[in-house]
Amino acid sequence: MQQLTPLHVVGLLATIALIIGIGIYSGRKVKSAADFSSGGSRAGAWIVCGAIMGTLVSGQATIGTAQLAFSFGMSAWWFTLGSGLGCLILAIGFAAPYRRSGCSTLLQIVSKEYGPRAESLGSIFCSIGIFISVVAQVLSATALLITIFPISHLAAALVSIALMAFYVIFGGMWGAGMGGVAKLILLYVSSIVGGILVFGLAGGLDGLMETLQNLLTGTSLGQAAGITGDVTISSRFTSLIARGASKDIGSGLSLILGVLSTQTYAQAIWSGKTDSAARKGALLSALLIPPIGIACILIGLYMRGHCITADEVAALQALGQAVPDGLIRLESTAQVFPVFVVNFMPKLLGGIVLGTLFITVVGGGSGLALGMASILVTDIFARKNPKIKESGTNLKVTRGTIMVILVVAVIVAILVPGAMINDLGFLSMGLRGAVVFLPMCGGLWLKGKIPSRFALAAIIAGPIAVLVGNFLLNLPFDALFFGMAVCLVIMAVGLAAGKHNQASLSSH
């Protein structure tokens with residue numbers, strides 16, 4: 001694997017300096033807690049779009065998508081495809097109701113309808129879901145840093161959270177939004193160049209698939225990579241459901257529900273100066289996110305034909321087979337995208353792309369940490385201590401909470417360094433959806449129809465079912481379906497009970 005050159009470093013540092021400059025500039029706009037958490041509701045459509053994409057198009061959408069495509073091809077598109085569909089539904093069906101609710105967090109919508117206990121419990125489960133995604137961002141940043149610098153996992157993780165903190169603590173939603181717009185431009189240039197390079201280097205899609213065919217069926221590497229029996233190159237790498245229809249479609253559904261149930265994206269909607277600006281920002285995100293996933297998939301497929309992982313080397317040696325010559329060795333599949341940039345892109349441009357990838361991960365992690373901190377401070381801490389509601393105190397507590405979240409995320413990331421980044425993302429989104437989505441919909445459109453005890457039960461049972469389904473049960477389908485089914489049954493029973501109670505009252 002090639003080492004960084006001075007031109008790589010120049011491009012990398014220039015990109016990071018640009019985003020830091022935007023963070024400092026945006027920090028001047030923060031005069032109050034409202035400015036910090038929602039931009040003072042003065043953002044235009046592009047700032048709203050930047051705030052959404054600045055978090056949603058993160059390490060999972062880029063480095064994680066290339067990582068998953070390396071192993072399963074087109075099925076890696078579900079993260080960005082589901083994100084785009086979620087933003088579309090957010091724009092069409094939820095942006096205006098969110099803004100009309102008069103709330104500043106999604107769980108306040110739940111609390112207004114079902115009481116403070118529902119809000120507090122939902123806050124805890126939602127925060128767990130968001131935290132899982134923050135860990136995924138730290139893992140992405142760590143994989144990127146250890147690829148380009150000779151540093152340890154711990155040092156890379158600490159550097160990543162330091163920059164995440166700087167990115168959002170000074171600018172809040174303004175930093176996330178303005179930085180997101182700059183990152184969006186850089187990311188699109190990076191993706192287009194990466195896709196063009198793959199087509200040129202591989203000789204188009206036919207050449208790309210031929211390389212995979214020759215490498216994975218013409219050598220023993222295919223067996224080490226798990227391509228055996230009736231599994232073909234086409235079924236493995238060109239299918240949207242290569243990992244199974246229920247798993248992959250469930251992953252897409254988890255993204256849709258996660259977008260609609262995540263505080264960070266709702267904050268972007270609330271930051272819009274008008275309903276129209278908020279809706280247009282979400283629509284722009286829906287249009288712009290899925291193509292980024294395609295570019296990352298192409299990079300992942302190209303690298304599958306030119307790389308071998310440390311685990312595959314060990315598997316071949318255990319079988320007594322020779323390791324194919326000329327392949328780049330990867331310590332982890334999370335390194336797929338950055339190793340492509342270092343080895344196959346022009347050096348100065350490669351440095352800019354590395355900087356963009358790093359800021360993509362940093363922006364994603366910081367935006368999620370902001371959303372999680374807003375939930376904890378508004379829905380839990382301020383209830384325990386009313387002084388926290390004061391603007392100056394609220395701002396300090398929110399910033400301090402962000403730092404605590406990031407430090408704990410580093411500890412967890414160090415304990416699970418080999419986790420599949422997108423699997424963490426799917427779990428995180430599914431968990432948030434199971435907690436918030438149906439009770440929130442009840443609070444928006446079924447006011448007074450479902451007794452609070454049923455919503456409370458759904459908030460508890462839904463995410464627990466998702467976790468049990470993921471870690472304890474060998475389900476033949478995505479655990480999100482299990483969690484949402486449990487939540488739906490409870491809410492449906494509650495709706496029926498509410499109608500019965502109303503009928504009993506009216507008869508008397």
Checked against (1) aliphatic (A, V, I, L, M); (2) surrounded by 22 or more Cβ atoms within 10 Å (Cβ to Cβ); (3) at pLDDT below 90, I297 satisfies every condition except (3)
When residues of the stretch 96-137 are filtered for being crowded, with 23+ Cβ neighbours inside 10 Å and outside any helix (DSSP H, G or I), how many remain?
-> 1
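From the list L348, L357, pick out the single residue that is open to solvent by 30 Å² or more (accessible area, probe 1.4 Å), under 27 Å from L163 (Cα atoms) and in a helix (DSSP H, G or I). Quick ask: steps written out before the conclusion?
Values: L357 fails: open to solvent by 30 Å² or more (accessible area, probe 1.4 Å).
None of the others qualify; the one that does is L348.
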Enumerate the helices (runs of 4 or more DSSP H) found wholly within the stretch 200-273, keeping only those where 2 or more residues are farther than 19 Å from F94 by Cα and among the aliphatic types (A, V, I, L, M).
-> 204-218, 221-224, 245-260
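Confirm whether S75 is hydroxyl-bearing (S, T, Y), over 22 Å from A268 (Cβ atoms) and either outside any helix (DSSP H, G or I) or touching a residue at least 24 places away in the same chain (Cβ under 8 Å) (or both).
Numbers: hydroxyl-bearing (S, T, Y): yes; over 22 Å from A268 (Cβ atoms): yes; either outside any helix (DSSP H, G or I) or touching a residue at least 24 places away in the same chain (Cβ under 8 Å) (or both): yes.
Yes.
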Consider A61 against the criteria (1) crowded, with 23+ Cβ neighbours inside 10 Å; (2) in a helix (DSSP H, G or I): it satisfies all of them except one. Which criterion is unmet?
-> (2)
Residue among I380, I414 that is in contact with a Ser or Thr (Cβ under 9 Å, 6 or more places away or on another chain) and within 30 Å of S75 (Cβ to Cβ) = I414
Set I269, I233: member being at pLDDT 90 or above, over 16 Å from the mean Cα position of the chain (by Cα) and of a type outside the set (G, A, S) | I269
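Kindly check whether there is at least one residue in the stretch 27-48 that is under 30 Å from G250 (Cβ atoms) and modelled with pLDDT of 80 or more.
Within the stretch 27-48, the subset under 30 Å from G250 (Cβ atoms) is 48.
If we keep only those that are modelled with pLDDT of 80 or more too, we end up with 48.
Yes, the stretch 27-48 contains a residue that is under 30 Å from G250 (Cβ atoms) and modelled with pLDDT of 80 or more.
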Out of F426, F471, F477, which single residue is under 12 Å from G129 (Cβ atoms) and either at pLDDT below 90 or small (G, A, S) (or both)?
-> F426
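Would you pick out the residues in the stretch 147-170 that are free of Cβ contacts under 8 Å to residues at least 24 places away in the same chain, part of a helix (DSSP H, G or I) and more than 23 Å from G21 (Cα to Cα)? It would help to see each step written out before you state the result.
If we filter the stretch 147-170 for residues that are free of Cβ contacts under 8 Å to residues at least 24 places away in the same chain, which is where we start, we get 150-152, 155-156, 159, 162.
So of that shortlist, the ones also part of a helix (DSSP H, G or I) come out as 155-156, 159, 162.
Correct list: A155 only.
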Odd one out for G222, checked against (1) free of Cβ contacts under 8 Å to residues at least 24 places away in the same chain; (2) touching a Gly at 6+ places or on another chain (Cβ under 6 Å) | (2)
Quick one: in the stretch 300-345, of everything that is of a type in the set (S, T, N, Q) and in a helix (DSSP H, G or I), which residue is surrounded by the fewest Cβ atoms within 10 Å (Cβ to Cβ)?
-> Q317
Residues being over 20 Å from S261 (Cβ atoms) and buried (at least 24 other Cβ atoms within 10 Å of the Cβ): count how many of those fall in the stretch 40-58.
-> 3
Considering every residue within the stretch 421-444, establish whether at least one is over 23 Å from L257 (Cα atoms) and in contact (Cβ under 8 Å) with a residue 40 or more places away in the chain.
-> no
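The values are calculated or read from the model by the stated rules, or taken from the named source; none is laboratory data. Remember, it's a predicted structure, so these values are computed and weren't measured experimentally. Don't worry about glycine lacking a Cβ; one is built from the backbone with ideal geometry, like all the others, and counts go over all protein chains shown. Surface accessibility is based on the protein's heavy atoms, side chains included, excluding ligands, DNA and RNA. Shrake-Rupley method; radii C 1.70, N 1.55, O 1.52, S 1.80 Å.
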